[in-house]
Amino acid sequence: MTNNEIETRLFINGQFQPAADGKVFKLINPFSQETVAEIHEAGENEVNKAVTAAKAAYPAWRDLTPAARGAYLHKMAALIRENMHEFARLEALSTGKPIASYFDGQVAADTFSYYAEAGWTVQGSSSLNTPGHLNLTVKQPYGVVACIIPWNVPLAFFAMKIAPALAAGNAVVLKSSEKAPLTSLLGAKLIEKAGFPPGVVNIISGFGSPAGNALSLHMDVRCLSFTGSSFTGQKIQAAAATSNMKHVHMELGGKSPAIIFDDADLESAAQQTQFSIQILSGQTCMANSRIYVQEPVAEKFLAIFKEKFGTNARLGDPLDENTSHGPQVDGTQYKRVKSYLEIGEKDGKLTLGGDGGDGYFVKPTVFENVPEDSRIMKEEVFGPVVVINTFKTEEEVIEKANCTEFGLYASVFTKNIDRAVRTSKLLEAGTVGVNCTSPTISPDMPFGGYKMSGVGREGYMHSLDNYLETKTILIRTSS
Ligand code: NAD
């Protein structure tokens, strides 16, 4: 294989290799619908090999100093920065993400840089509260950590899972999404180039079943970090519970509400909320897919919103610098979004956009006057589709906003600080934006979901702890 070729093999124990049974799957470009590559698919056999390699590599990795482990992470950060354009190209080819709005590489490099230094912060506590004792807690890695990631921001999740797990002293097996294996495989090439000891990081491509399921059930995996849909999260949690009760943390789906009160800066609210649901063609977990606007300003807000939403999106080839809106990731996702368009048209009123009518494109789409019990109000569409409903009172809108099983992100637009604080407290969401909405996040703040949007939190100062056990040591003393 030359450097310019796309890597398609599995990376296990420091070696690129095909699956033992030679199985491959086709990766299709969602824009051209041509085959990009045939990817080697991990089955149960490869999962076992990867976990065995990680288990063997773990003790030596754990026993390195934080600085020694950090040196590898620094190298990864630098290599990712050098390869930013190639990462963007590969993601455009496999997931249809426009190169012009590619940010995953920056997030990934920054994340490796942060955790390259953060190993030193792993510390326990001590206590003299029991007479005749010096008691301690220490933080220790789990051993083998499995990471399962989605396709929408894959390189960012690759880094956000692997970097803290490694900084904490664990060895890792990461399974990428079958829809986006290429950037994780380029990541594996950089792991090799950075010189990580064999087995410390293993990267496999494959489907939820068998590979993801085998990881979730594996008896030597002690911790599993997952980002993906709530539906898959439930399956993984069940597999974890019925195997070895491995620790799981989960970043799951969303149905995020944005609330626009009548005193809001409507121009800013419209600009931000349309961007939230348009970026990545609506394929983000925290997209504000439900907007509630207070009646007196509804007409004005809708006019500004629709003007921006309809014209800011430039549909086209994801490899073209002028494109801001790519196709949905594949035929399955496109059909799924279309099925919600039908529900929206049946239950409410389509007032902008609809099916792109060309390949897997869906135009920026607005539905209005949709009843709260419609499926399009309750389920995650994962497309550039927003419902805009009106409300009269604060009490009414809080009840509506909270009336889903999701709770990832919510936002409130108002100039009244008392109302902002009151509503922030009542909204059932892991993050609340005041006069801002997703994708606004802050890497040093905890991110995660209430209800079925997640279990646990991720973030610079929060993720390390996800990959550490706490041990109490009781030392009896003579005085
Ligand atoms: P998905 O749940 O279909 O797949 C995610 C990963 O799980 C893939 O790697 C897939 O192969 C694997 N998987 C599927 N079935 C499995 C099983 N039975 N056992 C183990 N692994 C299995 O999700 P997706 O379509 O890749 O991603 C979109 C979803 O991810 C949306 O719901 C979105 O909201 C969510 N998401 C959440 C966050 C967050 O931070 N909360 C971020 C990004 C995406």
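The values are calculated or read from the model by the stated rules, or taken from the named source; none is laboratory data. These numbers come from a predicted model, not from an experiment. Cβ coordinates were reconstructed from backbone atoms using ideal geometry, including for glycine residues, and neighbour counts include every protein chain displayed. For accessibility, only protein heavy atoms count, side chains too; no ligands or nucleic acids. Shrake-Rupley method; radii C 1.70, N 1.55, O 1.52, S 1.80 Å.
Contact map, the stretch 412-425: residues that are free of Cβ contacts under 8 Å to residues at least 40 places away in the same chain paired with residues that are surrounded by 15 or more Cβ atoms within 10 Å (Cβ to Cβ) and not charged (D, E, K, R), Cβ distance under 7 Å, separation 6+ or inter-chain. Pairs shown: Ala420/Val412; Ala420/Thr414; Ala420/Val434; Ser424/Val412; Ser424/Val432; Ser424/Val434. Of the numbered conditions (1) part of a helix (DSSP H, G or I); (2) more than 20 Å from the chain's Cα centre (by Cα), Ser276 satisfies every one except a single condition; which is it? Ser276 satisfies every listed condition except (2). When Leu217, Leu280 are checked against the criterion of being within 16 Å of the ligand (Cβ to nearest atom), in contact (Cβ under 8 Å) with a residue 40 or more places away in the chain and open to solvent by 10 Å² or more (accessible area, probe 1.4 Å), Leu280 stands alone in meeting it.
The set of residues in the stretch 308-328 that are open to solvent by less than 10 Å² (accessible area, probe 1.4 Å) and part of a strand (DSSP E or B) contains only His325.
Find the residue count for the stretch 445-476, including only residues that are modelled with pLDDT of 95 or more, over 28 Å from Arg290 (Cβ atoms) and either outside any strand (DSSP E or B) or not β-branched (Val, Ile, Thr) (or both). Selection size over the stretch 445-476: 11. Scanning the stretch 350-388 for residues that are of a type in the set (Ser, Thr, Tyr) and either within 16 Å of the ligand (Cβ to nearest atom) or surrounded by fewer than 21 Cβ atoms within 10 Å (Cβ to Cβ) (or both) yields Thr351, Tyr360, Ser374.
Among the residues making up the stretch 15-58, those that are out of contact with any strand residue (DSSP E or B) (no Cβ under 8 Å at 6 or more places or on another chain) and open to solvent by less than 20 Å² (accessible area, probe 1.4 Å) are Pro30, Gly43.
Just one of the listed residues (Asp355, Asp330) is among the charged types (D, E, K, R) and over 22 Å from Ala180 (Cβ atoms), namely Asp355.
Scanning for something among the hydrophobic types (A, V, I, L, M, F, W, C) and out of contact with any strand residue (DSSP E or B) (no Cβ under 7 Å at 6 or more places or on another chain), does the stretch 355-378 turn up at least one residue? No, because not a single residue in the stretch 355-378 is among the hydrophobic types (A, V, I, L, M, F, W, C) and out of contact with any strand residue (DSSP E or B) (no Cβ under 7 Å at 6 or more places or on another chain). For the stretch 92-177, which fully contained strands (runs of 3 or more DSSP E) count at least 1 residues that are at pLDDT 95 or above and among the basic types (Lys, Arg)? The strands (runs of 3 or more DSSP E) meeting that bar are 133-141, 171-175.
Residues in the stretch 64-103 that are open to solvent by 40 Å² or more (accessible area, probe 1.4 Å), of a type in the set (Asp, Glu) and touching a residue at least 40 places away in the same chain (Cβ under 8 Å): Glu86 alone.
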